[in-house]
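What follows is a set of notes on a single structure, which appears directly below.
The values are calculated or read from the model by the stated rules, or taken from the named source; none is laboratory data. Keep in mind that this is a model prediction, so the values were computed, not measured. Quick reminder, even Gly has a Cβ in these numbers, built from the backbone with ideal geometry, and neighbours come from all protein chains shown.
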Amino acid sequence: MGMDFRTHRLYAEMKMIAEWRRIVRKAWSVRLMLLAGVLSGAEIVLPMFADVLPRGLFSILTIIAVAGAFVARLTAQKDMQ
């Protein structure tokens with residue numbers, strides 16, 4: 001009785017874009033998402049070693065990085081067109 005996602009009207013086929021390697025290397029949205037991942041990891045690891053950083057600092061920095069990645073994804077970037 002499960003739903004067949006291939007026939008569902010919201011189903012969309014995902015395809016790798018032709019220039020994905022260049023985009024991964026140069027797009028600011030990708031760079032900022034990687035930064036967000038590093039900050040998320042730092043938020044978990046650093047408090048184990050030191051309590052000198054303000055509580056929630058890396059959460060705030062991660063939110064800023066993700067917001068920046070969102071804006072960068074919607075913005076035309078030089079050398080990406």
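Annotations for the structure displayed:
- Sole exception among (1) part of a loop (DSSP other than H, G, I, E, B); (2) at pLDDT below 85 for Pro47, by number: (1)
- Filtered by the rule that a residue be within 30 Å of Ile17 (Cα to Cα) and surrounded by fewer than 17 Cβ atoms within 10 Å (Cβ to Cβ), the stretch 29-59 gives Val30, Arg31, Leu34, Gly37, Val38, Ser40, Gly41.
- Checked against (1) touching an Asp or Glu at 6+ places or on another chain (Cβ under 9 Å); (2) modelled with pLDDT under 85, Leu61 passes all but condition (2).
Residues checked against (1) under 15 Å from Phe58 (Cβ atoms); (2) at pLDDT 90 or above; (3) outside any loop (DSSP other than H, G, I, E, B):
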residue: Arg9; (1), (2), (3): no, no, no
residue: Ile23; (1), (2), (3): no, no, yes
residue: Leu39; (1), (2), (3): yes, no, yes
residue: Glu43; (1), (2), (3): yes, no, yes
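- Reported count of residues in the stretch 44-74, each being more than 15 Å from the chain's Cα centre (by Cα) and not hydrophobic (A, V, I, L, M, F, W, C), is 5.
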